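Encoded as structure tokens, the structure appears first; notes follow it.
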Amino acid sequence: LIHAARRNIGLTVVVFNNEIYGMTGGQYSGTTPKHAITKTSPYGHVENAFDGCGVVKAAGGTFVARGTVYDVIQLDRLIDQAISHKGFSFVEVISPCPTHFGRSNKLGNAPAMMEWNKKNTVSAAKAATMSAEELRGKFVTGVLEDREQEDYSTAYQRVIDSLKGAEEG
């Protein structure tokens with residue numbers, strides 16, 4: 001992931017983040033929030049959650065966005081933008097896991113978790129006006145990075161073309 005981002009490979013990555021390894025029984029994952037209850041952290045998770053968007057931005061990703069399954073209209077637009085972006089693009093999709101994460105953390109059933117998702121989401125524009133304290137525990141959604149940069153294939157082709165030109169000359 002980080003090498004594809006730093007090289008600006010022409011690839012779109014969509015990651016569904018439900019804050020847990022739900023498909024394998026409910027173990028904590030790299031995106032599990034600190035203090036959350038899981039099958040492998042029954043007294044509370046002790047690590048800080050991994051911010052996938054932050055890592056991709058730091059690695060040089062040229063298009064980074066986050067959406068939720070609650071706001072499918074925005075999510076559809078973000079994925080469309082990501083696919084249209086030349087170079088590497090990354091979209092994190094915040095998705096509830098009512099079976100393991102929701103039950104373990106008393107967040108309720110699927111509709112209740114969708115409501116929780118809505119209440120804990122902040123647009124990137126609004127987040128820019130908020131303090132770090134106000135943003136704690138919130139998901140910032142929207143386009144987080146969008147810039148143009150030569151993609152890996154174009155840069156590599158230029159090297160090949162220059163070598164072909166040197167051989168011919």
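The figures follow:
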quantity: Listed residue (Leu107, Thr141, Tyr152) projecting farthest to the positive dipole end of the chain, Cβ model; calculated: Leu107
quantity: In nm, spacing of pseudo-spin labels at Lys126 and Phe16 (7 Å Cα→C-beta vector); calculated: 2.6 nm
quantity: Relative contact order of the chain, defined on C-alpha pairs under 8 angstrom at six or more residues apart (%); calculated: 26 percent
quantity: Within the accessible area of the chain (1.4 Å probe), percent carbon and sulfur; calculated: 56 percent
quantity: Gyration tensor verdict on segment 45-103 (Cα atoms; rounded if a/c is under 1.5, prolate if a/b is larger than b/c, oblate otherwise); calculated: oblate
quantity: Whole-Å semi-axes of the chain's equivalent ellipsoid (Cα gyration tensor); calculated: 37, 17, 14
quantity: Surface accessible to a 1.4 Å probe, Ser104 within the full protein complex, Å²; calculated: 40 Å²
quantity: Summed residue charge, Cβ within 12 Å of Trp116's Cβ, Lys/Arg positive, Asp/Glu negative; calculated: +2
quantity: Mean residue ellipticity (222 nm) of the chain, computed from DSSP H runs ≥ 4 via -39,500 (n - 2.57), nearest 500; calculated: -10500 deg cm²/dmol
quantity: Over 20 Å between alpha carbons, listed pairs Lys86/Lys126; Lys106/Lys126; Lys118/Lys138; Lys39/Lys119; calculated: Lys86/Lys126; Lys106/Lys126; Lys39/Lys119
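The values are calculated or read from the model by the stated rules, or taken from the named source; none is laboratory data. Quantities reported herein were computed from a predicted structural model and do not represent experimental measurements. Positions of Cβ are backbone-derived with ideal geometry, glycine not excepted, and every protein chain shown enters the neighbour counts. Accessible surface areas use protein heavy atoms only, side chains included; no ligands, DNA or RNA. Shrake-Rupley method; radii C 1.70, N 1.55, O 1.52, S 1.80 Å.
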